[in-house]
Amino acid sequence: MTNTAPYSIHALELGPMENFIYLLHDHASNTAALVDPAWEVDKILQLAQQKNIKITDILLTHSHHDHVNGLEQVLDKTDAQVHLIKEEAKFWGANLSKPTLHHGGDTLKLGDSKIKILHTPGHTPGSACFYIGNDLIAGDTLFVFGCGRCDLACGDPEQMFHTLNRIKTELPATTILHPGHNYAPQAPTSTLHEQCEGNPFLHFDQADDFKKYRMQVHDKIRDTPYYAVSRKTALAALQ
Ligand SMILES: [Fe+2]
(Lines give C-alpha, C1' and ligand atoms only; values in the text may rest on other atoms or scores of the structure.)
Protein backbone atom coordinates (compact mmCIF):
# COMPACT_ATOMS: atom_id res chain seq x y z
CA MET A 1 0.00 0.00 0.00
CA THR A 2 1.42 3.37 -0.89
CA ASN A 3 1.17 6.12 1.63
CA THR A 4 -0.08 9.21 -0.14
CA ALA A 5 -0.64 11.23 3.02
CA PRO A 6 1.85 14.08 3.52
CA TYR A 7 2.56 12.79 7.03
CA SER A 8 3.20 9.65 9.07
CA ILE A 9 2.29 8.91 12.66
CA HIS A 10 4.94 7.17 14.75
CA ALA A 11 3.71 5.80 18.08
CA LEU A 12 5.72 4.80 21.14
CA GLU A 13 4.16 3.00 24.08
CA LEU A 14 6.04 4.12 27.17
CA GLY A 15 5.81 4.03 30.96
CA PRO A 16 3.92 1.93 33.50
CA MET A 17 0.50 3.27 32.43
CA GLU A 18 0.72 2.17 28.81
CA ASN A 19 0.86 5.75 27.52
CA PHE A 20 1.10 6.42 23.82
CA ILE A 21 3.45 9.17 22.73
CA TYR A 22 3.11 10.23 19.11
CA LEU A 23 5.32 11.90 16.56
CA LEU A 24 3.28 13.52 13.79
CA HIS A 25 5.87 13.60 11.04
CA ASP A 26 5.46 15.93 8.07
CA HIS A 27 7.33 14.43 5.13
CA ALA A 28 7.95 17.59 3.12
CA SER A 29 9.68 19.50 5.91
CA ASN A 30 10.95 16.49 7.89
CA THR A 31 9.62 18.14 11.00
CA ALA A 32 7.40 16.65 13.66
CA ALA A 33 4.94 17.61 16.33
CA LEU A 34 5.48 15.54 19.44
CA VAL A 35 2.24 14.73 21.27
CA ASP A 36 2.42 14.26 25.06
CA PRO A 37 6.14 14.08 25.90
CA ALA A 38 6.40 11.65 28.80
CA TRP A 39 8.36 8.78 30.38
CA GLU A 40 11.45 7.65 28.48
CA VAL A 41 12.35 10.84 26.66
CA ASP A 42 15.58 9.29 25.35
CA LYS A 43 13.54 6.79 23.35
CA ILE A 44 11.42 9.58 21.85
CA LEU A 45 14.43 11.66 20.85
CA GLN A 46 16.22 8.58 19.52
CA LEU A 47 13.29 7.75 17.28
CA ALA A 48 13.27 11.29 15.87
CA GLN A 49 17.03 11.17 15.38
CA GLN A 50 16.94 7.78 13.63
CA LYS A 51 14.39 9.12 11.19
CA ASN A 52 16.22 12.40 10.85
CA ILE A 53 13.18 14.36 11.99
CA LYS A 54 13.36 17.72 13.76
CA ILE A 55 10.82 18.15 16.56
CA THR A 56 9.51 21.69 16.07
CA ASP A 57 6.29 21.53 18.09
CA ILE A 58 4.97 19.87 21.22
CA LEU A 59 1.24 19.30 21.49
CA LEU A 60 -0.35 18.55 24.85
CA THR A 61 -3.65 16.66 24.92
CA HIS A 62 -3.88 17.58 28.60
CA SER A 63 -1.74 18.27 31.63
CA HIS A 64 -1.92 15.05 33.66
CA HIS A 65 1.48 13.93 34.89
CA ASP A 66 1.59 10.76 32.80
CA HIS A 67 1.27 12.87 29.62
CA VAL A 68 3.68 15.71 30.41
CA ASN A 69 6.39 14.31 32.69
CA GLY A 70 8.98 14.47 29.90
CA LEU A 71 8.18 18.02 28.81
CA GLU A 72 11.06 19.78 30.57
CA GLN A 73 13.56 17.23 29.35
CA VAL A 74 12.41 17.61 25.74
CA LEU A 75 12.52 21.40 26.04
CA ASP A 76 16.10 21.14 27.34
CA LYS A 77 17.10 19.32 24.19
CA THR A 78 15.00 21.02 21.49
CA ASP A 79 13.64 24.50 20.85
CA ALA A 80 10.14 23.18 20.15
CA GLN A 81 7.08 25.35 20.64
CA VAL A 82 4.54 24.10 23.19
CA HIS A 83 0.84 24.17 22.29
CA LEU A 84 -2.15 23.59 24.54
CA ILE A 85 -5.70 24.76 25.02
CA LYS A 86 -6.00 27.95 27.04
CA GLU A 87 -8.36 26.40 29.61
CA GLU A 88 -5.86 23.61 30.24
CA ALA A 89 -3.04 26.05 30.92
CA LYS A 90 -5.28 27.77 33.46
CA PHE A 91 -6.32 24.49 35.08
CA TRP A 92 -2.73 23.23 35.19
CA GLY A 93 -1.14 26.43 36.46
CA ALA A 94 2.35 25.39 35.35
CA ASN A 95 4.86 28.09 34.67
CA LEU A 96 5.49 27.42 30.99
CA SER A 97 7.77 29.70 29.08
CA LYS A 98 5.85 31.24 26.14
CA PRO A 99 3.43 28.45 25.27
CA THR A 100 0.99 28.96 22.40
CA LEU A 101 -2.47 28.91 23.96
CA HIS A 102 -5.21 27.72 21.65
CA HIS A 103 -8.95 27.77 21.27
CA GLY A 104 -10.85 24.86 19.80
CA GLY A 105 -10.90 25.05 16.00
CA ASP A 106 -7.40 26.49 15.66
CA THR A 107 -5.22 24.99 12.97
CA LEU A 108 -1.51 24.39 13.21
CA LYS A 109 0.60 24.14 10.10
CA LEU A 110 3.43 21.65 10.07
CA GLY A 111 5.14 21.75 6.66
CA ASP A 112 2.55 20.45 4.20
CA SER A 113 0.37 19.01 6.97
CA LYS A 114 -2.42 20.71 8.85
CA ILE A 115 -3.36 19.80 12.39
CA LYS A 116 -6.74 20.92 13.67
CA ILE A 117 -6.97 21.44 17.40
CA LEU A 118 -10.26 20.29 18.91
CA HIS A 119 -11.25 21.40 22.40
CA THR A 120 -12.68 18.25 23.99
CA PRO A 121 -13.43 18.96 27.68
CA GLY A 122 -14.61 16.29 30.09
CA HIS A 123 -11.52 14.44 31.28
CA THR A 124 -9.99 17.84 32.08
CA PRO A 125 -11.36 21.34 31.30
CA GLY A 126 -8.91 22.00 28.48
CA SER A 127 -8.41 18.53 27.03
CA ALA A 128 -7.60 18.53 23.33
CA CYS A 129 -7.73 16.12 20.43
CA PHE A 130 -5.58 16.67 17.36
CA TYR A 131 -7.09 15.96 13.96
CA ILE A 132 -4.66 15.46 11.08
CA GLY A 133 -5.77 14.09 7.70
CA ASN A 134 -7.98 11.15 8.62
CA ASP A 135 -6.37 10.57 12.03
CA LEU A 136 -7.52 11.64 15.48
CA ILE A 137 -4.98 11.83 18.30
CA ALA A 138 -7.38 11.59 21.19
CA GLY A 139 -5.39 11.72 24.45
CA ASP A 140 -7.57 10.59 27.35
CA THR A 141 -10.80 11.70 25.70
CA LEU A 142 -11.47 8.53 23.73
CA PHE A 143 -9.82 5.12 24.02
CA VAL A 144 -10.39 2.00 21.96
CA PHE A 145 -13.66 0.83 23.54
CA GLY A 146 -13.25 3.23 26.47
CA CYS A 147 -13.10 6.90 27.46
CA GLY A 148 -11.25 9.01 29.98
CA ARG A 149 -12.28 9.20 33.63
CA CYS A 150 -14.39 12.16 34.68
CA ASP A 151 -13.94 11.85 38.44
CA LEU A 152 -10.49 13.45 38.68
CA ALA A 153 -9.94 17.14 39.47
CA CYS A 154 -12.25 19.32 37.35
CA GLY A 155 -13.44 16.35 35.31
CA ASP A 156 -17.02 16.71 34.08
CA PRO A 157 -19.11 13.83 32.74
CA GLU A 158 -21.73 16.15 31.27
CA GLN A 159 -19.05 17.87 29.19
CA MET A 160 -17.59 14.49 28.23
CA PHE A 161 -20.99 13.39 26.95
CA HIS A 162 -21.20 16.43 24.67
CA THR A 163 -17.57 16.08 23.60
CA LEU A 164 -18.04 12.44 22.57
CA ASN A 165 -21.27 13.31 20.79
CA ARG A 166 -19.45 15.91 18.74
CA ILE A 167 -16.68 13.46 17.83
CA LYS A 168 -19.30 10.86 16.88
CA THR A 169 -21.38 13.18 14.72
CA GLU A 170 -18.84 15.59 13.25
CA LEU A 171 -15.94 13.34 12.23
CA PRO A 172 -16.09 10.80 9.40
CA ALA A 173 -16.70 7.17 10.37
CA THR A 174 -13.42 6.24 8.65
CA THR A 175 -11.39 8.39 11.07
CA ILE A 176 -8.58 6.41 12.70
CA LEU A 177 -8.48 6.76 16.48
CA HIS A 178 -5.07 6.97 18.17
CA PRO A 179 -5.71 6.97 21.93
CA GLY A 180 -3.57 8.22 24.79
CA HIS A 181 -3.32 4.80 26.45
CA ASN A 182 -3.15 1.28 25.12
CA TYR A 183 -6.22 -0.29 26.69
CA ALA A 184 -7.20 -2.20 23.57
CA PRO A 185 -7.38 -5.98 23.46
CA GLN A 186 -5.53 -6.27 20.15
CA ALA A 187 -4.87 -3.49 17.64
CA PRO A 188 -3.87 -0.25 19.39
CA THR A 189 -5.88 1.87 16.94
CA SER A 190 -9.44 1.64 15.66
CA THR A 191 -11.86 3.40 13.36
CA LEU A 192 -14.59 5.72 14.56
CA HIS A 193 -17.04 3.34 12.90
CA GLU A 194 -15.82 0.47 15.10
CA GLN A 195 -16.09 2.71 18.11
CA CYS A 196 -19.65 3.75 17.32
CA GLU A 197 -20.49 0.03 17.11
CA GLY A 198 -18.66 -1.17 20.20
CA ASN A 199 -17.57 1.65 22.50
CA PRO A 200 -20.10 1.67 25.35
CA PHE A 201 -19.52 5.38 25.98
CA LEU A 202 -20.83 6.17 22.50
CA HIS A 203 -24.06 4.23 23.00
CA PHE A 204 -25.95 6.68 25.21
CA ASP A 205 -28.35 9.26 23.80
CA GLN A 206 -29.11 10.91 27.15
CA ALA A 207 -26.56 12.82 29.21
CA ASP A 208 -27.97 11.38 32.45
CA ASP A 209 -27.53 7.80 31.24
CA PHE A 210 -23.97 8.55 30.18
CA LYS A 211 -23.22 10.17 33.54
CA LYS A 212 -24.57 7.22 35.49
CA TYR A 213 -22.61 4.74 33.36
CA ARG A 214 -19.35 6.74 33.54
CA MET A 215 -19.51 7.71 37.22
CA GLN A 216 -21.26 4.77 38.90
CA VAL A 217 -21.39 1.69 36.72
CA HIS A 218 -18.43 1.35 34.39
CA ASP A 219 -15.52 0.79 36.75
CA LYS A 220 -17.42 -1.91 38.65
CA ILE A 221 -18.09 -4.01 35.58
CA ARG A 222 -15.15 -3.46 33.22
CA ASP A 223 -11.38 -3.61 33.41
CA THR A 224 -8.61 -3.27 30.85
CA PRO A 225 -8.18 -4.48 28.21
CA TYR A 226 -11.49 -3.13 27.03
CA TYR A 227 -13.51 -5.28 24.63
CA ALA A 228 -16.41 -4.15 22.45
CA VAL A 229 -19.79 -3.73 24.15
CA SER A 230 -23.11 -3.69 22.27
CA ARG A 231 -25.63 -0.89 22.74
CA LYS A 232 -28.05 -3.37 24.31
CA THR A 233 -25.49 -4.50 26.88
CA ALA A 234 -24.47 -0.92 27.73
CA LEU A 235 -28.08 0.17 28.26
CA ALA A 236 -28.86 -2.98 30.29
CA ALA A 237 -25.94 -2.18 32.62
CA LEU A 238 -27.83 0.92 33.79
CA GLN A 239 -30.67 -1.14 35.28
FE1 LIG B 1 -5.37 11.90 31.93
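The values are calculated or read from the model by the stated rules, or taken from the named source; none is laboratory data. Keep in mind that what you see is a predicted model, and the values were worked out from it rather than measured. Neighbour counts run over all protein chains shown; Cβ positions are idealised from the backbone, glycine included. These area figures cover heavy atoms from the full protein model, side chains too; ligands, DNA and RNA do not enter into them. Shrake-Rupley method; radii C 1.70, N 1.55, O 1.52, S 1.80 Å.
Between K77 and T224, residue separation times 0.36 nm minus the direct Cα-Cα distance comes to 49.4 nm. Expressed as a whole percent, the accessible surface of the range 1-121 that belongs to carbon and sulfur atoms is 48, based on a 1.4 Å probe.
Tell me, what is the FRET efficiency for D205 and K86 to the nearest 0.05, using R0 = 30 angstrom and their Cβ-Cβ distance as r? Given R0 = 30 Å and the Cβ-Cβ separation, E is 0.45. For the chain, the normalised intensity computed at q = 0.07, 0.12, 0.13, 0.15 Å⁻¹ comes to -0.21, -0.64, -0.75, -1.00 (log10 of I(q)/I(0), Debye sum over alpha carbons, equal scatterers, no solvent).
In the range 132-189, what percent of the accessible surface is made up of carbon and sulfur (1.4 Å probe, ligands and nucleic acids excluded)? Answer for the range 132-189: carbon and sulfur cover 53 percent of the accessible area. The alpha carbon gyration tensor of the range 98-178 gives principal lengths a ≥ b ≥ c with a/c of 1.5 or higher and a/b no greater than b/c, which makes the shape oblate. What the Kirkwood sum gives for the range 167-239 is a hydrodynamic radius of 13.0 Å, with every pair of different alpha carbons counted.
Taking 0.36 nm per residue of sequence separation and removing the Cα-Cα distance, the K212/A236 pair yields an extension gain of 7.4 nm.
For the range 77-161, with every protein chain kept in place, what is the accessible area per residue (1.4 Å probe, Å²)? Show your work: numbers first, answer last.
Working: 3570 Å² over 85 residues.
That works out to 42 Å² for each residue.
Summarised in one figure, the compactness ratio Rg/Rh of the range 151-208, Cα atoms and Kirkwood Rh, is 0.97.
P(r) tail, the range 9-127: Cα-Cα pairs separated by more than 20 Å, 38% of all pairs.
With contacts taken as Cα pairs under 8 Å at a separation of at least 6 residues, the range 162-239 carries a relative contact order of 32 percent. When +1 charges are put on Lys and Arg Cβ atoms and -1 charges on Asp and Glu Cβ atoms, the dipole computed for the chain relative to its Cα centre reaches about 300 debye.
Projecting the Cα positions of P99, C129, I117 onto the charge dipole of the range 93-196 (unit charges on Cβ atoms of Lys, Arg, Asp and Glu, taken about the Cα centre) puts P99 furthest along the positive direction. Cα centroids of the range 34-100 and the range 177-234: 28 Å apart.
Count Lys and Arg as plus one, Asp and Glu as minus one, and take only other residues whose Cβ is under 9 Å from that of H67; the net charge is then -3.
Normalised by the residues of the range 83-196, what does the relative contact order come to in percent, with Cα pairs under 8 Å and at least six apart?
For the range 83-196, the relative contact order is 21 percent.
Relative to its residue count, the range 75-214 spans a Cα convex hull of 126 Å³ per residue.
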